[in-house]
Amino acid sequence: MNTSNEKDDKRENKRGTIPVLDWIIERVARVLAMIMVLVIIWGVADVLYVLYLRLMAPPFMLLEIKDILATFGAFMAVLIAIEIYHNIILYTENDKSHHLAVEIVLGTALMAIARKVIILDFDDVAPDYLYGTAAITFALAVGYYLIVMRPRKHKEACGEG
């Protein structure tokens, strides 16, 4: 049973506190998005700089496998930053779908674990770490399939997509 105080509190939240808090959160998210763009630009500049240094070091214009893997890792880090930027933008949109947010977060997590796998040095890693990485990769892949791919296949089969 609602008392008049509870009704007043709900009305106050609709008129006062909650909209102000939502406004603050939206502004904070926009600031985070701007910072993330700077991080992305800085990351690209860093990749170019490190690649330049490695290409100019003897042997001239040749990369070793570890240099190539490190470059791949840096590329993936920039791509992950771009995905995080997209996550931030998604959260600032008023008509966002929580389902879409889960899709993007799962995709970002898959990309992050793929980055770890790409730059993994199997000589320096304990078996437990490999098992854990495999379990996380498998769980994310299954989750991504169930949330993203399976509904798409169902829509295509039904002629909706």
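Assorted remarks:
- Rounded to the nearest 500, the 222 nm mean residue ellipticity of the chain from helices alone is -27000 deg cm²/dmol, with -39,500 (n - 2.57) taken per DSSP H run of at least 4 residues.
- Think of each Lys and Arg Cβ as +1 and each Asp and Glu Cβ as -1; about the Cα centre, that makes the dipole of segment 4-158 roughly 560 debye.
- Kirkwood estimate for segment 57-97, i.e. one over the average of 1/r between Cα atoms, Å: 12.7
- Once the chymotrypsin sites (Phe, Trp or Tyr not before Pro) in DSSP loops with at most 11 neighbouring Cβ atoms within 10 Å are cut out of the chain, the longest remaining piece is 61-121.
- 3J(HN,Hα) along segment 129-143, derived from phi through the Karplus expression 6.51 cos²θ - 1.76 cosθ + 1.60 where θ = phi - 60°, amounts to 5, 5, 4, x, 4, 5, 5, 5, 4, 4, 4, 5, 5, 5, x Hz, with x in place of Gly and Pro.
- Estimated FRET transfer efficiency (ASP67, VAL125; beta-carbon r; R0 30 Å; 0.05): 0.95
- Cα gyration tensor category, rounded, prolate or oblate, for segment 79-161 with a/c compared to 1.5: oblate
- In this calculation the C-beta distance from ARG15 to GLU93 is compared with R0 = 25 Å, giving a FRET efficiency of 0.60.
- Sparse-neighbourhood loop sites, GluC sites (Glu not before Pro) in segment 61-161 - DSSP loop, at most 14 other Cβ within 10 angstrom: GLU64, GLU93, GLU160
- Applying the Karplus relation 6.51 cos²θ - 1.76 cosθ + 1.60 with θ = phi - 60° to segment 56-73 yields 3J(HN,Hα) values of 7, 7, x, x, 4, 6, 10, 10, 7, 4, 5, 5, 5, 5, 5, 5, 4, x Hz, where x marks Gly and Pro.
Read-outs: derived from the displayed coordinates by stated rules, not from any lab. Remember, it's a predicted structure, so these values are computed and weren't measured experimentally. FYI the Cβ positions are ideal-geometry reconstructions off the backbone, even for glycines, and counts take in every protein chain you see.
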